[in-house]
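Here is the structure we will look at, set down as structure tokens.
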Amino acid sequence: MQTSCALLSSPSRGSFIPIPTKNLLRAARNKRSFASPCTTGAIFESQKLSRDVFSITASRLRNDRWREHSSNISSVLTDDSSTMADVEKEIENIHILGLDQGLKPYKDHFRYRMKRYLDQKKLFENFEGGLEEFALGYLKFGFNKEEGCIVYQEWAPAAQEAEIIGDFNEWDGSSHKMEKNQFGVWSIKIPDCDGKPAIPHNSRVKFRFKHNSGVWIDRIPAWIKYATVDPTKFAAPYDGVYWDPPASERYDFKYPRPPQPKAPRIYEAHVGMSSLEPRVNSYREFADDVLPRIKENNYNTVQLMAIMEHSYYASFGYHVTNFFAVSSRSGTPEDLKYLIDKAHSLGLRVLMDVVHSHASNNVTDGLNGFDVGQGSQDSYFHTGDRGYHQVWDSRLFNYSNWEVLRFLLSNLRWWLEEYKFDGFRFDGVTSMLYHHHGINLTFTGDYNEYFSEKTDVDAVVYLMLANTLIHSIMPDATVIAEDVSGMPGLCRSVSEGGIGFDYRLAMGIPDKWIDYLKNKSYADWSMKEITWTLTNRRYTEKCVAYAESHDQAIVGDKTIAFLLMDREMYSGMSCLTEASPVVDHGIALVKMIHFLSMALGGEAYLNFMGNEFGHPDWIDFPRDGNNWSYEKCRRQWNLVDTDHLRYKFMNAFDRAMNLLDEEFSFLASEKQIVSSIDEDNKVIVFERGDLVFVFNFHPENTYEGYKVGCDLPGKYQVALDSDAWVFGGHGRVGHDVDHFTSPEGIPGVAETNFNGRPNSFKVLSPPQACVAYYRVEESLDEVQDEQPASFTETISTNLVLVSDDDLQELPTENLQELPKVGNSDVDGLQDLPAMGNSDVDDLQELGTVANSDVGQSKVQDLEENPPELDDESDD
């Protein structure tokens, strides 16, 4: 196999020798096969300091790789003298190097990529009016109305001749020939006819061009805003659609964007498969039927998959063909605007799953159709092996190309401004960051894996530009990276030398749960390993925790609920009969796994549509292998809506989990202390924010008078109990019990305390159950009287601070009501510095170093310099 070794801009000594990959599974349907050989790799300190592999000389930059002109440039790179003097001060002191001492050997790498980033921004300022102006490419390319005409422009340097065709000229382009400028941009002005646009709204159009072999081909315009296919014809090609509705048909946004939440609680959803019926759902149906469910379950953010047009439905939206077009299966651009506006009216922010890591290899419908064998600088993609992802069967962008940067950056601005999205989840970031794309590679956390010749600096610079653009247009945008490698600095600001994301997905967490459920007996579950997986992250970079996403739900895999209960989900979920041990055990663990992942695994939380109530079955998109059936490409909402089925219990607990964070903001709290990992009894105890959590994973043992450590003295009560009757539990924990603390040792001297905590209280801990406790203020009665109506209403209308006997006596129809989640009304400790797990002996065996800028535990700091606590409420 021949492997292209040409590097356009990689900062390395000598030549990069790619690792050939053999016998790779081609996964055209989706991208899941990528992540499977990789582990999370996120660590807190460099395990090994390497030699300096990034001593970059100025001569490495190739002056001959870019063409300067007044309005356009074909490449990113600049000569050495272009801006070095101007940026030297800015790159000399890179803040991120002070956050992690393990990064210092890679100073030259950070200097190089920062210089590349600053040079590129300077070029935008010199030739395009700046980064934000550069990202308005959709006002120049594609179809745009001007006075008395429609202007169409397309970048296609490989074309020898070009014309625009469509319904408006009966697909004869002889009278609509286009002109090409010196930079490969074709353009035409089409005058209005009788005062009306020559191209009618919602009519079909295509770009026809002749390449150097003399063959004429038809392609969908690259910047098209809408594309459709004839649904009556099997495998019919898509057509571009000129979309410019009259004012009477154009959707106007009515509601402002909701403010940025303290911590995103994200509901990952796929509009097309959100219908109860076996068919493709519409944007408007999703807005009217599904958004209220999301709001009712106390999520504050919706993450929409498969919005960008993709000709192959079963790709889950990851093989994009038309980057500026909404997926026409679910409706029109105006319908999507209605959905987003409806979400905003409900206080829900909306993130878009954006795919800039690769593009569909479909030449008929997609961007790949513009590649007719030309060189990389005249194409959207790299040539040869570098331009093809062998596992995903897709094309890879040339991020060093000027027009590719214009296309992708403008694409981000288009979705933010035209559709009012509130941010993005970038798909496939690991593939972008490295030349090897993570294929057949396990990341161990060695910093050499992140900063070497294998790093694709072109892509890194693009991501820095992208995040700068997003946050300059919308400062409170939320941007999430899907990265399995754990690259340091990914979620630090660009000004500090990072790549600029707000969050990364904690992808190791679901992998660990699935591994345990598939391969370990419950007796072999390690509390240390579970805790290590959940806390193994850089606390200077935020993570989105989740127990399962769409990846765990597709055909060939199973959700957590399905792994635990399997066929009994079809026959054993009725409340009219006693739950079998499998169902009882399954529901209990679904609640525990989701809650532990949320409470300990990150600074945000994500759930995939349907998993909040334990949706059975896997997802299987219509395809040849299932006779093009939609039966398993839908969501069975009737299961959770049926009062006598146990699905409602998991849904109610999911709702209560989110409400708990809404009231206590524990996800946003930097205070996270694991005080006890009790391997023998299968119990984990930790504090997050103002709450104390007790998780008992033992399948049988109940522990009476189980002693748990805490910070502040006083009275504690149940805030949330997975074993409550309203959640399908057994009601073994008393919710009206006051738990008074006892002092433990000398305050501030950890070795004299109980599990490093200065106070303790005793609880009843039933098997396979988790309970969160909050501290009650001494003057709670007076505080309640002074609270606004909404707070008092929350206290009085929800069902938690009542006795278990009362819960047993509730009528069946009330079991769907949301249980009350208490509120300590104490915001103290929110400003405490992050602290490491205080069960030092146990966690040191694991190598855990948590809650530190450079990955070192702050337990010792806590012992030597105990914080001075303010006993007063911070109302």
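Taking amide H atoms as placed 1.01 Å from N in the peptide plane, list the residues 5 or more away in sequence, or in a different chain, whose amide H sits under 5 Å from that of Arg425.
Those lying under 5 Å, H to H, from Arg425 are Met352, Asp353, Val354, Ile480.
Order Val737, Val354, most accessible first, counting only protein heavy atoms with a 1.4 angstrom probe.
On the way: Val737 60, Val354 0 Å².
Reading off the accessible areas and sorting them downward yields Val737, Val354.
What distance in nm separates the two pseudo spin-label positions at Ala523 and Thr642, each 7 Å out from Cα along the beta-carbon direction?
3.7
Taking 7 Å along the Cα-to-C-beta vector as the label spot, tell me the Thr364-Lys140 distance in nanometres, rounded to one decimal.
In this crude label model, Thr364 to Lys140 measures out at 3.4 nm.
So which of Lys337/Lys632; Lys342/Lys420; Lys177/Lys206; Lys254/Lys337; Lys189/Lys337; Lys225/Lys254 end up more than 18 Å apart, counting from Cα to Cα?
Lys337/Lys632; Lys189/Lys337; Lys225/Lys254
Sorted by packing (mean other beta-carbon atoms within 10 Å per residue), highest first, where do 300-307, 243-250 land? Spell out each step's value before the answer.
Details: 300-307: 24.9, 243-250: 11.1.
Highest-to-lowest ranking by the protection proxy: 300-307, 243-250.
Given points 7 Å out from each Cα along the Cα-Cβ axis, report the Glu418 to Asp230 separation in nanometres with one decimal.
About 2.6 nm, to one decimal.
Per residue, what accessible area does the stretch 359-405 have, given a 1.4 Å probe and all protein chains present, in Å²?
23
Got a number for carbon plus sulfur as a percent of the stretch 670-779's accessible area, 1.4 Å probe?
On the way: 1720 of 3610 Å².
Roughly 48 percent, rounded to a whole number.
Keeping the other protein chains in place, figure out the carbon and sulfur percent of the accessible area of the stretch 385-503, with a 1.4 Å probe.
Answer for the stretch 385-503: carbon and sulfur cover 47 percent of the accessible area.
Over the stretch 137-242, average the accessible area per residue using a 1.4 Å probe and give it in Å², no decimals.
48
Using only the alpha-carbon atoms of the stretch 137-242, report the extent along each of the three principal axes, biggest first, to the nearest angstrom.
Its Cα atoms span 42, 40, 27 Å along the three principal axes.
I'd like to check one number: the per residue accessible area of the stretch 670-779, probe 1.4 Å, reported in Å² as a whole number.
About 33 Å² of surface per residue is accessible.
Treating cross-link reach as a plain straight distance, find the lysines whose alpha-carbon is under 28 Å from the alpha-carbon of Lys454, omitting any fewer than eight places away in the same chain.
Within reach: Lys22, Lys31, Lys48, Lys89, Lys104, Lys107, Lys115, Lys121, Lys122, Lys512, Lys542.
Suppose R0 equals 35 Å; then what is the FRET efficiency for Cys193 and Arg279 from their Cβ-Cβ distance, rounded to the nearest 0.05?
Between Cys193 and Arg279 the formula returns 0.30.
Tally up the carbon and sulfur contribution to the accessible surface of the stretch 137-242 as a whole percent, 1.4 Å probe, everything protein left in place. Write out the running numbers ahead of the final one.
Details: 2430 of 5120 Å².
Within the stretch 137-242, the accessible surface is 48 percent carbon and sulfur.
The values are calculated or read from the model by the stated rules, or taken from the named source; none is laboratory data. Since we're looking at a predicted model, the values are computed, not measured. Neighbour counts run over all protein chains shown; Cβ positions are idealised from the backbone, glycine included. For accessibility, only protein heavy atoms count, side chains too; no ligands or nucleic acids. Shrake-Rupley method; radii C 1.70, N 1.55, O 1.52, S 1.80 Å.
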